[in-house]
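Undergrad: Just passing along the structure, written as structure tokens.
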Amino acid sequence: MKIRDLLIGALFVSLALPAFAAGPDAPAIDGRHLGLTWLIPFVGILLSIAILPLATPSFWHHHFGKVSAVWAALIVIPFAMIHGVPSAVYEIIHLLLLDYIPFIVLLLALFTVTGGIHIKGNLHGSPSMNTALLAIGTVLAGWMGTTGASMLLIRPMIRANDDRRHKIHVFVFFIFLVSNIGGALTPLGDPPLFLGFLKGVSFFWTTTHLFGEMLVCAIVLLALFYAIDSYWYRKEGHKKPDPTPETPVRIEGGINIILLAVIVGVVLASGTWKPGIHFTIFHVTLELQNVLRDLALVAICLLSLRLTSRRSRSDNGFSWGPMLEVAKLFAGIFITIAPAIAILKAGKDGALAPLVALVTNPDGQPNDIWYFWLTGILSSFLDNAPTYLVFFNLAGGDAGVLMGALASTLAAISCGAVFMGANSYIGNAPNFMVKAVVEEAGIRMPSFFGYMAWSSAILLPLFVVLTFVFFR
């Protein structure tokens, strides 16, 4: 599939884009009637992503899209046979248009625009320089999105360390900080917080209420990274000649910086401008501001491709491979995730009722610790945006109350969704994109479980500390 086809397809599909709200007669999934066996395809696609690249790398490289499609079919076909074709069609349309297409269009816009910004020159990947780049990326992630910051800085980080023998830890910490932790600063940083913004959470609420938690995580991780990187840097001793010697840094493709600011403005406007114009298509309501948002994002992609020289993208090592990989794999993930989200939405009446019961204290008040950990654990393997929305609704769904009397609960939900997306490659889309870009550069990243060994050893103890400091 060519990227031109992806752009054109997104352009037409965005004519029927969200935000959608199911109508009263919509043939939607009733999570109360779904058993845990419906989770098997979702577990299957996760295990495929975890095992096949390691066990059969050649097969996976050529057929990962087919594997994703097979697992998706194991949800769609049985569901259509048991619950009827109308319900199956509705759920597919609802998932693709409400969740998947907007998700991919936003990622595509950030990937395309940041891929046109070429930071020319090379820095020396010393511990102090690497730590500084991670700190800068952490700050940028809150304002240009974790995807935008990750795609902007990952290639300069690769070039800075191309003479280092021990460098896997550099990219693991890059995912921790730039692709996840830094996204807590604003609703533009990570999709879960943007959903909260659309539900009525004020724009700067996250900046003021999550800043402490984000700062603690960032300082601890940056300090730990500096210690680890210094150890390996000293141990390397005589290093091989740098294939990209240190040269002055300058930026090419500056028009994309302007386009990046336009993306921020478009996304922000879609959450604040409410013209009240909407259409109904197959039991769902289409709002004008969201149609215009996604059309504008596709137009920005095309404009970036038009205005950026091919040489700048070529020098940047830019290719569509990572974006296509994310698009194919997450199509399967979004479809197979549907039963899991439906069961969670059923609350105490669903098959996962014991998990839902954990978030409520005997006195009826929310249990912030369990909100943090359950949101986080599910966000590590499910998409963190719908997971955030489920627990947002479990906590009452009233943005005014959640920003006020239940501010600690909303903070716990937000931190769980954003921070614990770093626990696995599939916890947040930029994780997978960074992995793909690094591997395209010829650097072998940890396997699915290898990466989780890093995150379990480093992040889980940090999150335990965060629990006792902020959520008791």
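The values are calculated or read from the model by the stated rules, or taken from the named source; none is laboratory data. The structure presented is a predicted model; accordingly, all values stated were derived computationally and were not measured. Methodologically, a virtual Cβ is constructed for each residue, glycine included, from the backbone with ideal geometry; neighbour enumeration extends over all protein chains shown. Protein only, heavy atoms only, side chains kept; ligands, DNA and RNA dropped before computing areas. Shrake-Rupley method; radii C 1.70, N 1.55, O 1.52, S 1.80 Å.
Undergrad: What do you get for chymotrypsin sites (Phe, Trp or Tyr not before Pro) in segment 92-159 restricted to DSSP loop and a cutoff of at most 11 other Cβ within 10 Å of the site's Cβ?
TA: The qualifying sites: there are none.
Undergrad: Given the chain, what percent of its DSSP beta bridges are antiparallel, to the nearest 5? Present the calculation step by step, with values, prior to reporting the outcome.
TA: Details: 10 of 10 bridges.
If we restrict to bridges inside the chain, about 100 percent are antiparallel.
Undergrad: Continuing with this model, one more query. For the chain, build the charge dipole from Cβ charges (+1 Lys, Arg; -1 Asp, Glu) around the Cα centre, then report which of 393, 189, 37 sits farthest towards its positive end.
TA: Comparing the listed Cα positions along the dipole, 189 ranks first.
Undergrad: While we're on this one: Which angle between 0 and 90 degrees, to the nearest 10, do you get for helix 211-236 versus the longest principal axis of the chain when only C-alpha atoms count?
TA: Compared with the principal axis, the helix lies near 40 degrees.
Undergrad: Quick check for you: with a 1.4 Å probe and neighbouring chains kept, what is the accessible area per residue of segment 402-459, in Å²?
TA: Accessible surface, normalised per residue, equals 25 Å².
Undergrad: Ok, one more. Per residue, how much accessible area does segment 85-194 have with a 1.4 Å probe, in Å²?
TA: Values: 2390 Å² over 110 residues.
Value returned for segment 85-194: 22 Å² of accessible area per residue.
Undergrad: For the chain, take the longest principal axis of its alpha carbons; what is the angle in degrees between that and the long axis of helix 429-440, to the nearest 10 within 0 to 90?
TA: 40
Undergrad: For every helix of n ≥ 4 consecutive DSSP H residues, a contribution of -39,500 (n - 2.57) applies; sum these over the chain, divide by its total residues, and give [θ] at 222 nm rounded to the nearest 500 deg cm²/dmol.
TA: Working: 22 runs with 314 residues, N = 472.
Calculated at 222 nm, the ellipticity per residue is -21500 deg cm²/dmol.
Undergrad: Same structure again: Take residue 224, project a point 7 Å from its Cα along the Cβ direction, then tell me which residues of segment 366-387 have their backbone nitrogen under 20 Å from it.
TA: Inside the label zone: 372-381.
Undergrad: Could you tell me the center-to-center distance, by alpha carbons, between segment 84-145 and segment 428-449 in angstrom?
TA: A separation of 14 Å, based on Cα centres.
Undergrad: With the Cα gyration tensor of segment 369-472 giving a ≥ b ≥ c as the square roots of its eigenvalues, does the rule (a/c under 1.5 for rounded; else a/b larger than b/c for prolate; else oblate) give rounded, prolate or oblate? The partial results should precede the final answer.
TA: Details: a/c = 3.17, a/b = 1.91, b/c = 1.66.
Because a/c hits 1.5 or more and a/b exceeds b/c, segment 369-472 counts as prolate.
Undergrad: Can you find, among 297, 323, 309, the residue sitting farthest towards the positive end of the charge dipole of segment 296-363, where Lys and Arg contribute +1 and Asp and Glu -1 at Cβ?
TA: 309
Undergrad: If amide H atoms are built 1.01 Å from N in the plane of the peptide, which residues on other chains or at least 5 residues away come under 5 Å of the amide H of residue 251?
TA: 120
Undergrad: Pull out a ≥ b ≥ c, the square roots of the eigenvalues of the alpha-carbon gyration tensor of segment 287-331, then state rounded if a/c is under 1.5, prolate if not and a/b is larger than b/c, and oblate in the remaining case.
TA: Note, shape of segment 287-331 comes out oblate.
Undergrad: Also: How far is helix 3-13 tilted off the main Cα axis of the chain, in degrees rounded to 10, range 0 to 90?
TA: For helix 3-13, the angle is close to 30 degrees.
Undergrad: Rounded, prolate or oblate: which fits segment 62-143 when a ≥ b ≥ c are the square roots of the eigenvalues of the alpha-carbon gyration tensor, with rounded for a/c under 1.5 and prolate only if a/b beats b/c?
TA: Note, shape of segment 62-143 comes out prolate.
Undergrad: Starting at the first residue of segment 169-186, write each ³J(HN,Hα) from the Karplus equation 6.51 cos²θ - 1.76 cosθ + 1.60 with θ = phi - 60°, in whole Hz, x for Gly and Pro.
TA: Here the 3J(HN,Hα) series is 4, 4, 7, 5, 5, 4, 5, 3, 8, 7, 7, 9, 3, x, x, 7, 6, 9 Hz.
Undergrad: Of the heavy-atom accessible surface of the chain (probe 1.4 angstrom), what whole percent is carbon and sulfur? List each step's numbers first, then the result.
TA: Values: 13220 of 19120 Å².
Answer for the chain is 69 percent, counting heavy atoms of protein chains only.
Undergrad: Select one label from (i) 62, 61, 47; (ii) 72, 55, 41; (iii) 67, 50, 46: the one whose number is Cα extents along the principal axes in Å as derived from the coordinates shown.
TA: Given (i) 62, 61, 47; (ii) 72, 55, 41; (iii) 67, 50, 46, the structure-derived one carries the label (iii).
Undergrad: Return, for the Cα atoms of segment 263-379, the radius of gyration and Dmax in Å, separated by a comma.
TA: When restricted to the Cα atoms of segment 263-379, Rg and Dmax are 20.9, 63 Å.
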